[in-house]
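Shown next, in structure tokens, is the structure this report addresses.
The values are calculated or read from the model by the stated rules, or taken from the named source; none is laboratory data. Owing to the predicted nature of the structure, the values given are computational and were not obtained by experimental measurement. As a convention, Cβ positions derive from the backbone with ideal geometry for all residues, glycine included, and neighbour counts pool all protein chains shown. Note: areas computed on protein heavy atoms with side chains; ligands, DNA, RNA excluded. Shrake-Rupley method; radii C 1.70, N 1.55, O 1.52, S 1.80 Å.
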Amino acid sequence: MTAALIVIDVQNDFCPGGALAVPDGDAVVAPINALMEQYDTVILTQDWHPSGHQSFASAHPEKAPFETTELSYGTQVLWPDHCMQGTDGAAFHRDLRTDGDLILRKGFRAAIDSYSAFFENDRKTVTGLHGYLQERGVSRLLLAGLATDFCVAYSALDAAELGYAVTVDLNACRGIDLDGSLDAAMRNMQAAGVSF
Ligand code: VGL
Ligand code: ZN
């Protein structure tokens, strides 16, 4: 029964000065680096979008960032262009330790966004992380990173549903808080049995 640390999207575009900056986002770097010392299994996720990604407002001429649209799988928030593959914005924060076991990229299919580290936003396409963790005998997860109310929360909810014992380290997370999304995410995680 081993535990893994999953570090969600600690990338330049989610830090101050980035394209989709999370307030105080870079404050997660120091606590996450400290947590890495305590875990044998460390996984980092990296939001990794092609240009023209359907989650970008720029791909929908009549839409502005932070509006929503209907994609094939349902309602999708439209974001500023961010974490474009190979750009500096997609790189990990320069002070983040990246000597983990696995770097998992997500959001690379142009037509499907992927907040969760387990399932893409169509809720069907898998990333393969569950199989990886199962093969490594991992049953407990600690999640940290950006953003609390999107990629961290979606990952925590999927992990709880898949049967992992899930803890979110709020000290090592920061949120976007779009129209009450932070409160909603906290309530949903609590209801799913996630610990904080
Ligand atoms: C994220 C919005 C769009 C996140 C990623 O990492 O929480 N949020 N892409
Ligand atoms: Zn994204």
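General observations
- Pick from the stretch 54-72, criterion among the hydroxyl-bearing types (Ser, Thr, Tyr) and without any contact (Cβ under 8 Å) to a residue 24 or more places away in the chain, ranking: farthest from Ser114 (Cα to Cα): Ser58
- Selection count, the stretch 105-114, where residues are open to solvent by less than 20 Å² (accessible area, probe 1.4 Å) and not basic (Lys, Arg): 3
- Index of the failed condition, Thr68 passing every other in (1) closer than 23 Å to Val168 by Cβ; (2) open to solvent by 50 Å² or more (accessible area, probe 1.4 Å); (3) among the β-branched types (Val, Ile, Thr): (1)
- For the stretch 1-53, a residue qualifies if it is in a loop (DSSP other than H, G, I, E, B), open to solvent by less than 20 Å² (accessible area, probe 1.4 Å) and closer than 18 Å to Ala117 by Cβ, and the qualifying residues are Asp9, Val10, Leu20, Val22, His53.
- Residue pairs whose Cβ atoms lie under 6 Å apart, separated by 6 or more positions or on different chains, with the first residue in the stretch 79-104 and touching a residue at least 24 places away in the same chain (Cβ under 8 Å) and the second open to solvent by 60 Å² or more (accessible area, probe 1.4 Å) and β-branched (Val, Ile, Thr), are Phe92/Thr98.
- Checking Ile8, Ile32 one by one, the residue that is at pLDDT 95 or above, touching a Cys at 6+ places or on another chain (Cβ under 7 Å) and of a type in the set (A, V, I, L, M, F, W, C) is Ile8 and no other.
- Among the residues listed as Glu135, Glu161, the single one being out of contact with any Ser or Thr (no Cβ under 7 Å at 6 or more places or on another chain) and free of Cβ contacts under 8 Å to residues at least 12 places away in the same chain: Glu135
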